[in-house]
1. Going by what's in this entry, would Ile223 be described as touching a residue at least 40 places away in the same chain (Cβ under 8 Å) and of a type in the set (A, V, I, L, M)?
2. Taking segment 164-185 on its own, how many of its residues are assigned to a loop (DSSP other than H, G, I, E, B) and aliphatic (A, V, I, L, M)?
3. Determine the pairs where a residue that is within 16 Å of ligand 2 (Cβ to nearest atom) and small (Gly, Ala, Ser), located within segment 80-104, has a partner that is modelled with pLDDT of 95 or more and in a strand (DSSP E or B) with Cβ atoms under 8 Å apart, the partner being 6 or more residues away or on another chain.
4. For segment 135-154, what are the residues that are part of a strand (DSSP E or B) and either among the charged types (D, E, K, R) or surrounded by 22 or more Cβ atoms within 10 Å (Cβ to Cβ) (or both)?
5. So which residues in segment 99-121 are among the small types (Gly, Ala, Ser) and within 16 Å of ligand 1 (Cβ to nearest atom)?
6. Does segment 110-130 contain any residue that is among the β-branched types (Val, Ile, Thr), in contact with a strand residue (DSSP E or B) (Cβ under 6 Å, 6 or more places away or on another chain) and within 19 Å of Ser256 (Cβ to Cβ)?
7. Looking at (1) touching a residue at least 24 places away in the same chain (Cβ under 8 Å); (2) more than 18 Å from the chain's Cα centre (by Cα); (3) within 16 Å of ligand 2 (Cβ to nearest atom), which is the only condition His254 fails?
8. Looking only at segment 105-139, filter to residues that are farther than 22 Å from Asp58 by Cα and among the polar types (S, T, N, Q); which one of those is nearest to ligand 2 (Cβ to nearest atom)?
Amino acid sequence: MPNLPVSNLFVNLSTQKTYPRQNVVRTTLYTCHMSQNAILRIAALGSGSAGNALCVTDGVTTILVDCGFSAKETTRRLRCMGVEPASVSAILVTHEHIDHVSGIEVFCRRHAPEATVYATPGTRRAADLPSKAARCAEVSRMTPFTVGSFEVLPFAISHDAAEPVGYRISTEEHSVGIATDTGVLTEQASQALSGCEYLGIECNYDAAMLAAGPYPAYLKNRIRSCIGHLSNAAGADALATLAHDGLKAVLALHCSRTNNTAGLAGSALTGRLREIGLPEVPVAVASQIDVCALTHADRPREHPYP
Ligand SMILES: [Zn+2]
Ligand SMILES: [Zn+2]
C-alpha cells in the first residue's frame with residue numbers, strides 16, 4: 001500500500017444484498033490509512049430514492065441521519081461498519097419523505113428503544129413521528145443542540161417538504177456536514193457548512209440524462225426546481241462555495257439510479273475540486289446498495305481497513 005499522507009479512508013463495505021444489477025451505482029474504492037485510534041467514522045449506509053441513512057459515530061455516541069431502510073436492512077448495514085444498532089442514541093430526520101423515514105418505527109422499537117428522534121416541528125407533524133418513536137425532540141433551524149459528544153446544527157434546505165433541514169455534526173475537533181434533498185444551496189446551508197471538514201453533498205442527477213430519461217415532464221420539472229434536488233453541476237457549484245483548505249473528504253449523496261451514474265457525479269465533484277486548486281481531496285459516491293464508509297483517523301496503522 002502506498003504511503004499516503006492523508007489519514008482518511010473511503011471504503012465500500014458490500015452489503016451483499018441482491019438488487020437488480022442494471023442501473024446499479026457502484027462506488028469507487030478509496031483506500032487510505034486509518035488509525036487504531038480512529039475517532040470519527042462516517043458512513044452512508046445507503047443513499048438514493050430507495051432509502052437514505054447515514055451514520056456518524058465517534059465510538060461513544062452514534063447518530064443516524066435519516067432511517068429510510070427497513071429496520072432489518074438498517075441493522076445489517078450498521079453491522080457492516082461494525083456498529084451495533086442498540087448503540088444508536090439519536091436519529092436526526094431531514095424531512096418526511098418515505099426514503100428518509102420508513103425504517104424509524106420498527107428500528108426504534110426493536111433495536112434502539114433509547115434513541116431520540118430529532119426533527120423540526122413541521123417534519124415531526126408531517127411524518128407523525130410521535131406515533132413512531134417513544135422519544136422525540138423538536139429542533140429549530142440554526143439552533144445548535146447536543147447529542148452525547150456531538151454538537152448538532154440543523155439548517156434550512158430547499159425541498160418540497162414541510163420543514164426540511166440538513167445537519168452539521170461536530171465534535172470539538174471535527175465536523176461533518178450533510179446537505180441532501182435540496183433544490184439549491186440555501187443561505188443557511190452555506191453558513192452552517194462553512195469550514196466543515198467532511199461534506200456530504202447531493203448530486204442527484206445529470207441534467208442531460210434527466211432530460212433524455214423516462215420520467216414524465218412534471219416529475220422532471222419537480223426534480224429540477226428550487227425545491228427539488230441538486231444536479232451534479234449544482235452539487236459541484238455548492239462544493240466550490242463550501243470548499244476550503246481544511247476540507248478532508250467529500251461524499252456525493254442521493255444519486256439517481258435512473259438519471260445519473262456514479263462516474264458522472266464523482267467526476268463533476270473531482271473536476272471542480274481540481275479547478276479550485278484542491279485536487280487532493282478524496283471524493284466518493286454513496287450508493288443505494290453498498291455502505292460507503294469514511295474513517296477519520298489521526299495516525300496511520302499498518303493494516304488497511306477493515
Ligand atoms: Zn430523498
Ligand atoms: Zn425528499
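The values are calculated or read from the model by the stated rules, or taken from the named source; none is laboratory data. Quantities reported herein were computed from a predicted structural model and do not represent experimental measurements. Positions of Cβ are generated from backbone atoms using ideal geometry, with glycine treated the same way; all protein chains shown enter the neighbour counts.
1. The answer is no for Ile223.
2. Looking only at that region, the number is 2.
3. That search, which allows pairs on different chains as well, returns Gly103/Ala53.
4. Glu138, Phe150, Glu151, Leu153, Pro154
5. Ser102, Gly103, Ala119
6. The answer is no; no qualifying residue exists.
7. Every condition holds for His254 apart from (2).
8. Top of the filtered list is Thr123.
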